[in-house]
1. Sort through D224, D206 and tell me the only one that's open to solvent by 50 Å² or more (accessible area, probe 1.4 Å), away from ligand 2 (no atom under 16 Å from the Cβ) and free of Cβ contacts under 8 Å to residues at least 40 places away in the same chain.
2. Name every residue in region 269-285 that is under 18 Å from A6 (Cβ atoms) and away from ligand 2 (no atom under 16 Å from the Cβ), in order of residue number.
3. Can you pull out every residue in region 164-190 that is within 16 Å of ligand 1 (Cβ to nearest atom), open to solvent by less than 50 Å² (accessible area, probe 1.4 Å) and not in a loop (DSSP other than H, G, I, E, B)?
4. Can you confirm whether region 276-295 contains a residue that is more than 15 Å from the chain's Cα centre (by Cα), within 21 Å of G219 (Cα to Cα), assigned to a loop (DSSP other than H, G, I, E, B) and not charged (D, E, K, R)?
5. Collect the residues in region 290-334 that are open to solvent by less than 20 Å² (accessible area, probe 1.4 Å) and in contact with a helix residue (DSSP H, G or I) (Cβ under 6 Å, 6 or more places away or on another chain), keeping them in residue-number order.
6. Among the numbered criteria (1) assigned to a loop (DSSP other than H, G, I, E, B); (2) within 16 Å of ligand 2 (Cβ to nearest atom), which one does G64 miss?
7. When K250 is evaluated against the numbered criteria (1) more than 16 Å from ligand 2 (Cβ to nearest atom); (2) open to solvent by 10 Å² or more (accessible area, probe 1.4 Å); (3) touching a residue at least 24 places away in the same chain (Cβ under 8 Å), which criterion, by number, is the only one it fails?
Amino acid sequence: MYQFIAGLPKVELHLHIEGSLEPELMFQLAKRNNIDIPYASPDEVRAAYDFSNLQSFLDIYYQGAQVLITERDFYDLTWAYMLRCKTDNVLHAELFFDPQTHTSRGVDFDLVMKGICGALAAAEIELGISSQLILCFLRHLDEASAFDTLNQAQAWKQQIVAVGLDSSELGHPPEKFARVFATARQQGYLTVAHAGEEGPSSNIIDALDILQVSRIDHGVRCVDDPQLVTRLIDEQIHLTVCPLSNTKLKVFASMEQHNIVDLLYKGVSVGVNSDDPAYFGGYMNDNFNALANAHPLTYEQLAKFTSNAIDASFCNAQRKYELQQQLQVYLDKQ
Ligand code: HPA
Ligand code: ZN
C-alpha cells in the first residue's frame, strides 16, 4: 500500500505556502535576517506544535511567518515545497498565499510575488510540476484590508488564478467578504473559501451562494446538513480535505473518525491535501498513508482522490487530460 501511494500521481489543491515553512528553514531565515525567535532549536519549535484548535495553530503559524523578509526567503520557501512535491509525485499544485501576513509587517507585496513566482517558474521547467497561485484574504481582518490587498494584486493578475478566504472561521462568516469577492469575480478571478472546518455547515452554503466559490476548502462539517450533502453530490462541488490537519486541530478526535471515506462512498468529490505540512506532521504521501492506515481503501479509491482533484483543479483542459492520462497509465500498471 505504501508503495502504491508513493507512486500514485497526485494533485494538491489545499496548501498554504507559509504552512510549509519547516523549523530548519525557519532557523536559517531567522539567522539570515537577524530575527529573534523564541526557540533554541528546530526540535524546540516542533515541540511547540501541540494544538488544541484552529486558533492555537494560527497564533504559532503567523509568528513563524515573521522570518520571511526578502524575495530570496519566499523563493527558498516555495522551492523547498516544490521539491517535496517532486518527492511525493505531486504533478500539479495550487498554492495559497497570505499577503496580509507580510504586508502588515512592512514586507512589500511585489517582493512576495517575485519570490513565489520565481520558484514556481523554476519548478515548472526543472521539475515538470505545474502550479497555480491563489491569494487568500485573512478573514479575521476587515473588508477594507481585503480590498486594499485586492488592489495590490492588480499588477499580478496574470499570476493569480483565484482568491480565497482563510484564518479564523468562527465569528468571520463568508458574508463579511461578499463585496470583495464580487469585485474579485468582476475582475476575472475564480473564488474558493475555507468553510465548514470549525465553522457551521451554513458557512459552506454561504460560500457557495454568496461568494460563488468553485470549490470548498475543508468542508467536512457538511455532514451536519444532509440536504447540503445531496447538493454537493448533485452539483459535484469539490471539497479539498486535509486529513492530518483535521486531526491535529481536533476537528476529528482520530483519523479513524475522519469522514472523508464516508463522503467518498456517498459520491461527494473529495481530495486529499496537506494544508500546512510543516505544522501538521506531513506532506501528501503522509496524508494518504495516515488515511490508508486508519481506513480500508482500495487502489481505485485512492486514485479517485487524485482524479477528483484533477477535475476540480484550475488547469486548462489540455493539462487536465494529461494528468488523467498519467493517472490511468499508473493504474493500468498495477
Ligand atoms: N484554516 C484556516 N486558516 C488557515 C489554515 C486552515 O486550515 N491553514 C492556514 N491558514
Ligand atoms: Zn487551509
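The values are calculated or read from the model by the stated rules, or taken from the named source; none is laboratory data. Just so it is clear, the model here is predicted, and its values are computed rather than measured. When we count neighbours, we look across all protein chains shown, and the Cβ atoms used for this are built from the backbone with ideal geometry, even at glycine. Side chains included, ligands, DNA and RNA excluded: accessible areas come from the protein's heavy atoms. Shrake-Rupley method; radii C 1.70, N 1.55, O 1.52, S 1.80 Å.
1. D224
2. N285
3. Result: G164, L165, D166, P174, F177.
4. There is at least one residue in region 276-295 that is more than 15 Å from the chain's Cα centre (by Cα), within 21 Å of G219 (Cα to Cα), assigned to a loop (DSSP other than H, G, I, E, B) and not charged (D, E, K, R).
5. L291, A303, T306, I310, L323, L327
6. Failing condition for G64: (1).
7. (1)
Matching residues to (1) under 18 Å from L95 (Cβ atoms); (2) out of contact with any Gly (no Cβ under 9 Å at 6 or more places or on another chain):
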| position | (1), (2) |
| --- | --- |
| Q159 | yes, yes |
| A178 | no, yes |
| Q187 | no, yes |
| A195 | no, no |
